[in-house]
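Shown next, in structure tokens, is the structure this report addresses.
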Amino acid sequence: MADREFIDEVMRRLKKRYREEMKTSLEFANPWELLVATMLSAQSQDIQVNRVTRELFKAYRTPREFAKLRPNQLYRHIGRLGLYRSKGRNIVATAKILYNDFNGSVPRDMEEMVKLPGVGRKTANVVLGNAFHVYEGIAIDTHCITVANRLGIARTKNPRAIEAKLMELVDRKEYVNVSHLFIALGRDVCTARMKHCSDCMLKDICPSSDAR
Ligand code: SF4
């Protein structure tokens, strides 16, 4: 099983290959916009979400404006994204709560965030880390699950268990970085469908490498 020394080396190589400071590729101007974009990103590509939110935030901006909408008024803006009906309902319901209970602001802590409709731990981690620089946990998506298992960091598909293991192994200030570096590797050479180990910068240290 992976230890700190191994993770440090993985992080060092991934940073060299991708970027020292990684961040979400979702576009946002404030925490509310990132929360909406992250809620829309479930089972949709960030690039598609960015196209949608660029137009959406021209029409409606604040939680107050979203709270006044009926979900079907949102559908015409977000209808090209998967699961748009449930996403639209959750965004309007969340906007109402923020407007009524949080003075129109996104809460800065995990406990309050995961009570919002449609907001799970992954979404909360993305918003807390990227918008507030509050590092309570690590956002684990399907790429992170694949990469963590292949690197021997975890032997489970359970995001919460993988997050807990990574939180033991990386410094808090790296919580956003590790998530986005694993996503970058998972989109690049270590995809769920195929691993391209001969092109991977971890091929000589990865326990699942085919290229050693
Ligand atoms: S060496 Fe292969 S299995 Fe390991 S991280 Fe790279 S692509 Fe994935």
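A few remarks follow.
- Inter-label distance, nm, simple model (7 Å from Cα along the C-beta direction), Glu55/Val134: 3.3 nm
- Amide H within-cut-off set for Gly104, under 5 Å, with H built and near neighbours excluded: Tyr99
- Cα-based Rg and Dmax for the range 17-81, where Dmax is the largest Cα-Cα distance (Å): 12.8, 45
- Cα centre as origin, Lys/Arg/Asp/Glu Cβ charges: the chain dipole, Debye: 880 debye
- Potential lengthening between Ala29 and Arg187 on full extension [0.36 nm per residue; Cα-Cα distance subtracted]: 54.4 nm
- Cα coordinate range in the range 31-132, projected on the principal axes (Å, largest first): 31, 27, 21
- Viscosity 0.890 mPa s, 25 °C: Kirkwood-radius Stokes-Einstein D of the range 144-199 over Cα pairs, µm²/s: 212 µm²/s
- Among the listed pairs Lys68/Lys122; Lys96/Lys165; Lys23/Lys157; Lys15/Lys96; Lys23/Lys115, a Cα-Cα separation exceeding 29 Å is found for Lys96/Lys165; Lys15/Lys96.
- Charge tally around Leu56: other residues with Cβ under 14 Å, Lys/Arg +1 each, Asp/Glu -1 each, net +3.
- For a label point 7 Å along the Cα-to-beta-carbon line of Glu168, residues of the range 5-21 with backbone N under 11 Å: none
- Sites Arg19 and Val114 - FRET efficiency at Förster radius 22 Å, r taken between beta-carbons, to 0.05: 0.15
- Neighbour-limited loop hits for GluC sites (Glu not before Pro), the range 1-81 (at most 10 other Cβ within 10 Å; DSSP other than H, G, I, E, B): Glu20, Glu21
- Dipole of the range 31-132, positive direction: furthest Cα of Val52, Asn103, Tyr75, with charges on the beta-carbon: Tyr75
- Candidates per trypsin sites (Lys or Arg not before Pro) in the range 116-180, loop by DSSP, up to 16 other Cβ within 10 Å: Arg155, Lys157
- In terms of its Cα atoms, the chain spans 58, 31, 28 Å along the principal axes, sorted from long to short.
Here, each number is a calculation from the coordinates, and none is a lab measurement. In this text, all values refer to a predicted model and were calculated from it rather than measured experimentally. Positions of Cβ are backbone-derived with ideal geometry, glycine not excepted, and every protein chain shown enters the neighbour counts.
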